[in-house]
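A short worksheet on the structure shown next.
The values are calculated or read from the model by the stated rules, or taken from the named source; none is laboratory data. Predicted, not measured: the structure shown is a model, and the values here were computed from it. Cβ coordinates were reconstructed from backbone atoms using ideal geometry, including for glycine residues, and neighbour counts include every protein chain displayed. Side chains included, ligands, DNA and RNA excluded: accessible areas come from the protein's heavy atoms. Shrake-Rupley method; radii C 1.70, N 1.55, O 1.52, S 1.80 Å.
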Number of protein chains: 2
Amino acid sequence: MNNHKEAEKRRRERINSHLDHLRTLLPCNSKTDKASLLAKVVQRVKELKQQTSQITDLETVPSETDEITVLSTGTDYEAGGEGRLIFKASLCCEDRSDLIPDLIEILNSLHLKTLKAEMATLGGRTRNVLVVAADKEHSIESIHFLQNSLKSLLDRSTPTDRSKRRRGLDRRLMPLT
Amino acid sequence: MNNHKEAEKRRRERINSHLDHLRTLLPCNSKTDKASLLAKVVQRVKELKQQTSQITDLETVPSETDEITVLSTGTDYEAGGEGRLIFKASLCCEDRSDLIPDLIEILNSLHLKTLKAEMATLGGRTRNVLVVAADKEHSIESIHFLQNSLKSLLDRSTPTDRSKRRRGLDRRLMPLT
DNA sequence: GTTTACACGTGATCC
DNA sequence: TGGATCACGTGTAAA
C-alpha cells in the first residue's frame, strides 16, 4: 500500500523532529549520532533530577549525635559551559548560633556560591544544611577545605548549657555569603 | 553483506536500549511510543533546566522603584506523582525588616513550601526573592492570594526615613516558614 | 478492515 | 575497501 509507506515516513519524521529538538537542548552539534545523543540525554536527565532533589529535599531535623557530611552529588552543566560542582554540606551539633559568622567567612573565602542555606534547631541541637556550587577547577580542594573547616568549627565548640534547651521546632535560614 | 546486517541490528539495539533507560526515568509505562516518549523527554528536560535556573539565578539587587512580581515558571513533576507548581515572588521596596514576620505568616497560611528565600538590601532599599512550591490543586489561588498579600503588605508600608540609608550590599536569607 | 507502531534488511553516503 | 550511520520501504502483529 502507498498509504503505509507515507505513514511510516511521517512516523520517522516525528521521531527525528524530537531528536533534533533534544540536540538544541544539550551541548552537542547537529551531527552527533542518535545513540550518542540519547546517551547524553539519559545522563542529563539523571543529573538534573538529582540536582533539583538535592536542593529541594533537605533533611533539617537535627540528630542527637554530632555529625559533618560533605557530599558531592551533582554537576551543573550549562550548555557549552564548563560546569560547576554542586555539593551539600550538613553540620549537626549543639546549638551554637555564635558560630554562624565564622561559617559565613569560610564560605566567602572559598568563593562558594550558596544555592540554599537552611538552619533548624530542635531541643537545643541544631542542623545546618548548605547547598553550594564550586568552580569545577577548584571543586575538589574546596570540598576538603570546607570539610576541615567545619571540623575545626565543631572542635572549637564548647559544651552548651543544656538548661537553655527549648522544645519546638524553630526553623530559619542563615545569612547568605 | 552479512556483517552489515548485524551491525545495523546492533545499532538499533543500542538506540532502543537508551530509549528503555529513558522510560525508567520518566512517568510512563514500558509501552509508550518512541515518539511520545521523546516528546515527554523534551518537555522534562526543559522543565528541569528551567527549574534549576529558577532556583539558582536570583536577581537580588534592589531596584529604585517599588515592584511586586509573582510569576509561575516551572512545574515539578515527580515520577508518578501529581506535580507541584513552582513560582518565584519578588518584592522590592524601602527597607522594612519589620514586615518579615507578616511575610512568613502569609507563606505559612498558604501552605507554601519555601525552596529558597533571599533578601538583599542596598542603599536603604530591599529586595526579597521567594522561590516557593504549591500543591497543584490550589496553586492558582495561592499565586493570586500571595500577590494580593504582598500588595497589601506594601500598602501598609510607611515611608522610611531616608537618612537611615546605608551604602554597601548586605545580603542575608530570611527565616523559612 | 483500518490504523499504528515496531523490527528488519538494504542501498546510499561519509570518513 | 571497510566501518559506521542514516533513510527508506516492507512484513508483521497488536489494537
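Using a label point 7 angstrom from Cα along Cα-to-C-beta, what distances in nm, from shortest up, separate B:Arg11 from the other copies?
1.9
Summarise the accessible area of segment A:2-52 (1.4 Å probe, protein heavy atoms) by the percent that is carbon and sulfur.
Accessible surface attributable to carbon and sulfur in segment A:2-52 totals 48 percent.
For labels at A:Thr32 and A:Asp135 in the simple 7 Å Cα→Cβ model, what's the distance in nm?
With each label point 7 Å from Cα toward Cβ, the separation is 2.6 nm.
Which net charge results for the neighbourhood of B:Glu6, defined as the other residues with beta-carbon distances under 11 angstrom from its beta-carbon, given Lys and Arg at +1 and Asp and Glu at -1? Walk me through the intermediate numbers first.
Details: positive: B:Lys5, B:Lys9, B:Arg10, B:Arg11, B:Arg12; negative: B:Glu8, B:Glu13.
Overall, the nearby charge balance is +3.
Where the label is 7 Å out from Cα toward Cβ, how close does B:Asn108 come to the same position in every other copy, in nm, shortest first?
3.2
What quantity of accessible surface, computed with a 1.4 Å probe and excluding non-protein components, is buried in total between chains A and B, in Å² to the nearest 100?
Buried: approximately 3600 Å² between B and A.
Before I look further, what does segment B:2-52 give for accessible area per residue, probe 1.4 Å, in whole square angstrom?
61
Counting only Cα atoms, I'd like the Rg/Rh figure for segment A:2-52, Kirkwood definition for Rh.
Working: Rg = 14.1 Å, Rh = 12.4 Å.
Rounded to two decimals, Rg over Rh is 1.14.
Expected output is a single nm value to one decimal: the length gained when fully extending between B:His111 and B:Lys46, i.e. 0.36 nm times separation in residues minus the C-alpha distance. What is it?
Using 0.36 nm per residue and subtracting the Cα-Cα distance, I get 20.7 nm.
Output the pairs from A:Lys5/B:Lys40; A:Lys31/B:Lys40; A:Lys46/B:Lys40 with a Cα-Cα distance over 24 Å in this structure; if there are none, say none. Working shown, then result.
Working: A:Lys5/B:Lys40 26 Å; A:Lys31/B:Lys40 22 Å; A:Lys46/B:Lys40 15 Å.
Pairs exceeding the cut-off: A:Lys5/B:Lys40.
Dipole of segment B:2-52, Cα-centred, from +1 at each Lys and Arg C-beta and -1 at each Asp and Glu C-beta, to the nearest 20 debye?
Numbers: 13 positive and 6 negative charges, 13 e Å.
Its charge dipole is roughly 60 debye.
Could you sort the residues of segment A:1-33 by number and keep only those whose accessible area is reduced by 30 Å² or more in the all-protein-chain setting relative to the chain alone, 1.4 Å probe?
Buried-area filter returns A:Ile15, A:His18, A:His21, A:Leu22, A:Leu25.
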